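> My questions will all concern the structure given below.
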Amino acid sequence: MKTILVIREFEKFSRILAENDFKIINLPLIETRPLNDLSVLEATLDEIEIYDGIFLTSLNAAQILAEIMHEKNIKFSGKVYILGKRSFDLLKTENLNLIFEKSANTAREFLENIPLENLKNKRFLFICGEKSLRVVPEFLKEFADVDEAIVYKTEKIRVEVEKVKSIREKFEKNKIFCTCFFSPSAAESFLEQFGASVLHQTFIATIGKTTAEFLERRNLKVDLVSPKSSAEDFAEGLIIYFKEV
């Protein structure tokens, strides 16, 4: 039975792999938390109708927006542009004009699928985390106004010394067949705590190009990059890949 180290908490991705006879070790190395003070977003939502649309590129941002809109009974008649099926599923029962492109796997792909006339000379609100990539505001700034509301932060999780030692030993004994990464932040946390050398002894898989490029800039070979951004597609792609190697 092949052992896969998943740099994330146990969820659908790990469950799919476990159901297909892989042994899973889950190692979450980052966590996201809403900011203690969300007054800026709350004040912005009080005047939300000044915006033509809202952009959401993370599930965390979508969850926080939904919670505040429910608490304050806020309505919005503009468009809500959503990247990610989990965010779409969260908001699809709300009374919102959702714009979702199932085939888009990155923010840039999503933006490029939106007709320019729907964006030009408009005003948008981008709700994001403090370490969010700058794709949305950078893309829109040439022809639209974009305000940003930072609503959550990402923090690294420190692993206990004994657990670090145990996982290192598994790498050294070639007991970890593959390591899966889901974000540059988690990959950075892993490298800080375990070093890069252990990854030379395992397959490396990532859910997107951004994470893959982060690792490759550190001279690490990424064996599989999931072309789709959902956990289900990543898991299924990994299963197919391992049947062929």
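> Using a 1.4 angstrom probe with every protein chain in place, what is the largest-first accessible-area order of Y152, Y81? Write down the numbers at each step before the final one.
Details: Y152 25, Y81 5 Å².
Descending order: Y152, Y81.
> Could you work out how far the C-alpha centroid of region 37-66 sits from that of region 73-127, in angstrom?
Each part reduced to its Cα centre gives a spacing of 12 Å.
> Then there is this: Under the Karplus relation 6.51 cos²θ - 1.76 cosθ + 1.60, θ = phi - 60°, what is the ordered set of whole-Hz ³J(HN,Hα) values for region 26-33, x standing for Gly and Pro?
Per-residue couplings from phi come out as 8, 9, x, 10, 9, 9, 10, 9 Hz.
> Next question, about the same structure. How much net charge surrounds K243 when only the other residues with a Cβ under 12 Å from the Cβ of K243 are counted, with Lys and Arg +1 and Asp and Glu -1? Spell out each step's value before the answer.
Working: positive: K2; negative: D21, E236, E244.
Around K243, the charge tally is -2.
> How are the Cα pair distances of region 72-177 distributed, in percent, across 10 Å bins from 0?
11, 33, 25, 14, 13, 5
> Carbon and sulfur atoms: what percent of the 1.4 Å accessible area of the chain do they account for? Walk me through the numbers on the way to the answer.
Working: 6170 of 13170 Å².
Answer for the chain: carbon and sulfur cover 47 percent of the accessible area.
> Here are a few candidate values for Cα extents along the principal axes in Å: (1) 59, 37, 33; (2) 46, 39, 35; (3) 52, 39, 37. Which one was actually calculated from the structure I just gave you?
The value matching this structure is (1).
> Any idea what angle helix 59-72 forms with the longest principal axis of the chain, computed on alpha-carbon atoms, 0 to 90 degrees, nearest 10?
40
> Among the lysines, which fall within straight-line cross-link reach of K120, defined as a Cα-Cα distance under 16 Å, with same-chain neighbours fewer than 8 residues apart omitted?
K79, K141
> Also: Roll a 1.4 Å probe over the protein chains and send me the accessible area per residue for the chain in Å².
Numbers: 13170 Å² over 245 residues.
Computed with neighbouring chains in place, this is 54 Å² per residue.
> With unit charges on the beta carbon (Lys/Arg positive, Asp/Glu negative), name the residue among S14, L83, S39 whose Cα is farthest towards the positive pole of the charge dipole of the chain.
S14
> While we're on this one: Given charges of +1 on the Cβ of Lys and Arg and -1 on the Cβ of Asp and Glu, with all other atoms neutral, how large is the dipole of region 170-245 about its Cα centre, in debye to the nearest 20?
On the way: 9 positive and 10 negative charges, 45 e Å.
Roughly 220 debye, rounded to the nearest 20.
> Past the 19 Å Cα-Cα mark, which pairs from K92/K153; K102/K153; K23/K173? List each step's numbers first, then the result.
On the way: K92/K153 25 Å; K102/K153 27 Å; K23/K173 16 Å.
The answer is K92/K153; K102/K153.
> Further question on the same structure: How high is the relative contact order of the chain? Use alpha-carbon pairs under 8 Å, at least six apart in sequence, and give a whole percent.
Once normalised by length, the contact order is 22 percent.
> From the square roots a ≥ b ≥ c of the eigenvalues of the alpha-carbon gyration tensor of region 1-90, which class results: rounded (a/c under 1.5), prolate (a/b over b/c), or oblate? Intermediate results must be reported in sequence, preceding the final value.
Details: a/c = 3.84, a/b = 2.45, b/c = 1.57.
It comes out prolate by the Cα gyration axes.
> Quick query: amide H of F203 versus all other amide H atoms, modeled in the peptide plane; which residues come in under 5 Å with a sequence gap of 5 or more or a different chain?
C178, T179
> Dipole magnitude of the chain about its Cα centre, charges +1 at Lys/Arg Cβ and -1 at Asp/Glu Cβ only, in debye to the nearest 20? Please list the in-between numbers first.
Numbers: 35 positive and 39 negative charges, 195 e Å.
Taking the Cα centre of the chain as origin, the dipole is about 940 debye.
> Using a Gaussian network model of the chain whose springs link C-alpha atoms within less than 10 Å, name the residue from S132, S197, S230 with the highest mean-square fluctuation.
Result: S197 has the largest fluctuation of those listed.
> Just need log10 I(q)/I(0) for region 164-245 at q = 0.13, 0.16, 0.20, 0.21 Å⁻¹, Debye formula, equal scatterers on the alpha-carbon atoms, no solvent, rounded to two decimals.
At q = 0.13, 0.16, 0.20, 0.21 Å⁻¹ the computed log10 ratios are -0.39, -0.59, -0.91, -0.99.
The values are calculated or read from the model by the stated rules, or taken from the named source; none is laboratory data. Only a predicted model underlies this, so the values are computations on that prediction, with no experimental measurement involved. For neighbour counting, all protein chains shown are included, and Cβ atoms are generated from backbone atoms with ideal geometry for every residue, glycine included. Just the protein is used for accessible areas: all its heavy atoms, side chains included, with ligands, DNA and RNA removed. Shrake-Rupley method; radii C 1.70, N 1.55, O 1.52, S 1.80 Å.
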